[in-house]
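Taken together, the values in this text are just the output of simple stated rules run on the coordinates, not laboratory data. Quick caveat: nothing in here was measured; it's all calculated off a predicted structure.
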Amino acid sequence: MSDPLLTSCPTPCAEHPRVAAARGALLDSASAAALADLFRALGDATRAKIITCLLHQDLCTCDLALLMGITESAISQHLRVLRALRLVTSQRRGKLVFHAVADAHVALLVQVGLSHVQEGDAHHPMMAQLLTHLMKGATA
């Protein structure tokens, strides 16, 4: 008996218009690698917690260490990864270094991810407005 998934296409492996359209939207290798790096960095639970803390306010390294329950050295290593991907910025203020979410793109990415995980804002009017805006940008 043949696999229905393999036989559902009338002409397997043929060039279809949908394949050509998908090929046109396919990410180049560098962009795909950068996107994977971004999600890999956010895939670490400690870094995800750091980013969500920074959504609400700038915090210094010692604040983050206290909140995460790990050493300042460990926080610095996590922040190094986040800075390298331009997710977080750092600024010295006197003897302390404060960290912040780099820009609105990062905040939006994390907020949408949280919404997906928590399913709390799925029907919020701002979510529908955001998705409409994003879809217009994708088709432009």
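Close amide H contacts of LEU85 (hydrogens built in the peptide plane, cut-off under 5 Å, sequence separation of 5 or more or a different chain): none are found. Scanning residues 5 or more positions from LEU59 or on other chains, those with amide H under 5 Å from its amide H are HIS99, with H placed 1.01 Å from N in the peptide plane.
Compute log10 of I(q)/I(0) for region 28-102 with the Debye formula, placing one identical point scatterer on every Cα and leaving out solvent, at q = 0.18, 0.22 Å⁻¹, to two decimals. Values, matching the q order: -0.66, -0.93.
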